[in-house]
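Remarks on the structure that follows.
The values are calculated or read from the model by the stated rules, or taken from the named source; none is laboratory data. Model, not experiment: these values are computed from the prediction. Positions of Cβ are generated from backbone atoms using ideal geometry, with glycine treated the same way; all protein chains shown enter the neighbour counts. When the accessible area is computed, the model is the full protein with side chains, heavy atoms only, and any ligands, DNA or RNA have been set aside. Shrake-Rupley method; radii C 1.70, N 1.55, O 1.52, S 1.80 Å.
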Amino acid sequence: MTARVEIWRVEPLHGTDAVPMALVIRKLRPLARVFARLATTTLVCVAVCSGCRNVPFYRMTSKASQSLPLSREGIIAYERGDFNYAEVKFEEALRLNDLDVETRRYYGETLWKQGKRAEAMATLTATAQMHGAIDAEASLYRSLAEKSLQLNDPEQARYWANKIVDLTPKSPYGWELRGKASASLGLTQEALEDFQRAAHFSVDDRAILLDVAQLQNQLGDFDSGLATWQCLERLYPTNREPVEVFIGKGISYQGLALYDQAQESFEVATRYAPENVRVREMLAEVALKRGDYERAYAVLSDVNVNDASNSTARELLALASQRRAQIAQGGQNAESIRK
């Protein structure tokens, strides 16, 4: 089988020196028939594999194309905070195509924003049963877990968190949410392990490290707790650390019987949150253990001890006053003896 080659010379383009060449290969009829048969076979295979006329591809595309502009309008309205209009548009879109996962997800989030929590959870839960992209599924599971925690349903939150862990085991979000759910269920050790896994995949996440440090203190592991608090402190600019860091450090130092350092931490915490009575109580407790009765008395002297909620402050203030009086009496007795 041969092929005849013909070459045409094309005149130069006007105003240029370029002379393009075109190479055209004309194939003999037998070769053309072979390619025609191959093309026909390919088309038949595609038709059979796709289910031919039994697949409602064009009808679905038509409905989806009508719903897409409505869904986009709803998303724009949602993002600008117009949830009433967004709800209307999402409902219109879903009447045309109720299989659109993204529209259903936005519709559920819109219902939640409007306070329709039961409807929102029902919509989002049903949407979670539909298949989508892995990232979209993980995002939906995360939303459901967070909302379950807000609804004080840690069991359900743990269920959705496990879904995230199964789907994206190297993502910190699933482990973090499972840690929060476990903590709410009183599973402190499990919660700590979950938060530590989350921290492994997001080493500079301040919120996760805060949870880790608090649980370490709660479990009495003050050495590890102190190390975590110090690591967390370094993640903030100087004098921009949250008061929780100094409270946590103080508790760790106190648990390690390092009362001087504990008092220093509580002093800083008191400056950060002067109205926090509990911080003042912790400072007074450490000051009493150090024998610094004057400081213990001073830090509680302006607390409203008549408030029933300040019973601990009242007891500490009374103890500090007693110790101060004893020291003063002892000083007077010593002075009398010298005279």
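Here is how the numbers come out for the structure above:
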| item | result |
| --- | --- |
| Gain on full stretching of the segment that runs from Arg80 to Gln230 - 0.36 nm per residue minus C-alpha separation | 50.0 nm |
| Region 117-159, accessible area per residue, ligands and nucleic acids excluded (1.4 Å, Å²) | 54 Å² |
| Mean accessible surface per residue for region 219-339, computed with a 1.4 Å probe while every protein chain stays in place, in Å² | 56 Å² |
| Percent accessible area from carbon and sulfur atoms, region 242-318, protein chains only, probe 1.4 Å | 47 percent |
| Inter-label distance for Ser309 and Leu167, nm, one decimal - labels placed 7 Å from Cα along Cα-to-Cβ | 4.0 nm |
| Ala325/Thr188 FRET efficiency (R0 56 Å; Cβ-Cβ; nearest 0.05) | 0.85 |
| Label-point separation in nm, Thr238 to Asn276, each point 7 Å along Cα→Cβ | 2.2 nm |
